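Asks: One structure, pasted below without further comment.
The values are calculated or read from the model by the stated rules, or taken from the named source; none is laboratory data. What you see is a predicted model, and the numbers here were worked out from it, not measured in a lab. So basically every Cβ, Gly included, is an ideal-geometry build from the backbone, and we count neighbours across all protein chains shown.
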Amino acid sequence: MPLNSEENITFYGAGSMAEAIVRGLIYRQVAAPQQIGMFNRSNEEHLAYLTDRYGVRTASVQEDKDDMLRRASIICLAMKPKDAGEAISRIRPLVNDDQLIVSFIAGLSISTIQQLLGRKLPVARTMPNTSSSIGQGMTGISFSPEVNEEQQRTAVAFFESVGAVTVIGEEQQEILTGVSGSGPAYIYYMMEAMIAAGVEGGLSSEQSRLLTEQTVLGAVMMMRETKEDPAKLRKDITSPNGSTQAAIKVLSDGGFTEHVKAAVHRAAERSREMGEDVRKALQ
C-alpha cells in the first residue's frame with residue numbers, strides 16, 4: 001500500500017536497520033525518496049551516502065532536523081537504546097497528536113516512550129530483524145490504543161516492504177525478540193559449525209559453505225512449501241539406525257532442544273532488562 005503523496009517519514013537514526021527499511025520502502029514503491037527524511041547525531045559522510053544512493057532527504061543542521069520532525073506524518077525512532085531517553089525527550093516539543101511514532105528500540109515500552117513524549121501519542125513498537133536488509137525480514141509490531149486503523153494499515157505496509165509482519169500484544173515483544181529478533185544469529189552460529197565440520201572432513205571452505213547455505217535454504221523452503229510440522233519433516237528423513245539418526249542423537253544427548261529454548265528465553269529476558277535499564281535511567 002503506497003503512502004499518500006502528502007505523507008512524510010522521518011528517521012531519527014540512520015544506521016543499518018533504518019537503511020534496510022528505507023531500501024525496502026523505495027524498492028517496493030511504498031514511499032518515494034522525496035517523502036523520506038533521515039538524520040543522525042553527527043555522521044555527515046554517512047548522510048551524504050544515503051542521499052546519493054537512495055535520493056532521500058537528509059539533515060545535519062539542528063534547525064533542519066527539527067523541521068523534518070515537525071513535518072513528518074511518521075517518525076521512526078531508530079537510535080541506539082542508550083541514546084533513546086535523551087533523544088525522545090528532546091523531540092517532545094516538536095511532535096503533534098496526528099503523528100505516528102514508530103519505535104525500533106529493543107526493550108523500550110510504549111508507556112515509556114509516551115512518558116518521554118509527555119502525552120499519549122500513537123505509538124507502534126516494532127522489532128524487525130537484520131534479514132530486512134534483503135527484503136526477507138520478520139517484524140513483530142504492537143500498537144498503542146491511540147493508533148487508528150489507517151495508521152495500523154500504514155505501519156503494516158511499511159514493514160511488509162522488507163519481509164513478513166505479525167501484529168502482537170506488547171507483552172509478547174520480548175519473546176518475539178528471542179525468537180526472530182535475535183534468531184538469525186542462532187542460525188548463523190549453527191552454520192558456522194556445519195561449515196567448520198565440512199572443512200575438517202576435507203571439503204574446501206567454498207564447498208562447505210555452499211553445501212551449508214543450500215541445505216539451510218532448502219530446509220526452510222521445504223517447510224514453507226509443504227506446510228508440514230518441522231518435527232514430521234525431520235522424522236521423514238531420519239531412517240532407523242541411519243546417519244541422520246546418529247547425528248540427531250548427538251544433538252539430543254547434548255541437550256540441543258533445551259539449549260535453544262534457553263537461548264531464546266535469555267534473549268527475551270535481556271531485551272526486558274535493556275528496557276528496564278532505559279526506564280530507570282529516566283527516573
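Asks: In the set Ala231, Ala246, Ala267, which member is in contact with a Gly (Cβ under 9 Å, 6 or more places away or on another chain) and either under 30 Å from Glu170 (Cβ atoms) or in a helix (DSSP H, G or I) (or both)? Please lay out each step first, then the result.
Replies: On the way: Ala231 fails: in contact with a Gly (Cβ under 9 Å, 6 or more places away or on another chain); Ala246 fails: in contact with a Gly (Cβ under 9 Å, 6 or more places away or on another chain).
That would be Ala267, the only listed residue that is in contact with a Gly (Cβ under 9 Å, 6 or more places away or on another chain) and either under 30 Å from Glu170 (Cβ atoms) or in a helix (DSSP H, G or I) (or both).
Asks: Select from the stretch 26-49 the residues that are in contact with a Ser or Thr (Cβ under 7 Å, 6 or more places away or on another chain) and either at pLDDT 95 or above or under 17 Å from Ile101 (Cβ atoms) (or both) and list them in ascending order.
Replies: Residues of the stretch 26-49 that are in contact with a Ser or Thr (Cβ under 7 Å, 6 or more places away or on another chain), as a first pass: 28, 30, 37-39, 44, 47.
Matches in the stretch 26-49: Gly37, Met38, Phe39.
Asks: Could you list, in sequence order, the residues of the stretch 30-53 that are under 20 Å from the mean Cα position of the chain (by Cα), more than 19 Å from Val95 (Cβ to Cβ) and of a type outside the set (Val, Ile, Thr)? Write out each step before concluding.
Replies: Within the stretch 30-53, the first condition is being under 20 Å from the mean Cα position of the chain (by Cα), and the residues that meet it are 30-31, 36-40, 50.
Those still in the list that are more than 19 Å from Val95 (Cβ to Cβ) too: 30-31, 50.
Those that are under 20 Å from the mean Cα position of the chain (by Cα), more than 19 Å from Val95 (Cβ to Cβ) and of a type outside the set (Val, Ile, Thr): Ala31, Leu50.
Asks: Can you tell which of Glu7, Glu86 is at pLDDT below 95, within 18 Å of Val156 (Cβ to Cβ) and surrounded by fewer than 17 Cβ atoms within 10 Å (Cβ to Cβ)?
Replies: Values: Glu86 fails: within 18 Å of Val156 (Cβ to Cβ).
Exactly one residue qualifies, and that residue is Glu7.
Asks: Of (1) among the polar types (S, T, N, Q); (2) buried (at least 21 other Cβ atoms within 10 Å of the Cβ); (3) not in a strand (DSSP E or B), Ser142 satisfies all except one. Which?
Replies: Just one mismatch for Ser142, condition (3).
Asks: A follow-up question, please. Please go through (1) under 19 Å from Gln151 (Cβ atoms); (2) in contact with a Phe, Trp or Tyr (Cβ under 8 Å, 6 or more places away or on another chain) for Phe39 and return the number of the only condition it doesn't satisfy.
Replies: (1) is the only condition that Phe39 fails.
Asks: Sticking with this structure for a sec: Take Ser60 and decide whether it is in contact with an Asp or Glu (Cβ under 6 Å, 6 or more places away or on another chain) and in the same structural domain as Val102 (by TED's automatic domain parsing).
Replies: Numbers: in contact with an Asp or Glu (Cβ under 6 Å, 6 or more places away or on another chain): yes; in the same structural domain as Val102 (by TED's automatic domain parsing): yes.
Spelling it out, Ser60 is indeed in contact with an Asp or Glu (Cβ under 6 Å, 6 or more places away or on another chain) and in the same structural domain as Val102 (by TED's automatic domain parsing).
Asks: Please go through the stretch 5-19 and give me each residue that is touching a strand residue (DSSP E or B) at 6+ places or on another chain (Cβ under 7 Å) and assigned to a helix (DSSP H, G or I), ordered by number.
Replies: Ala18
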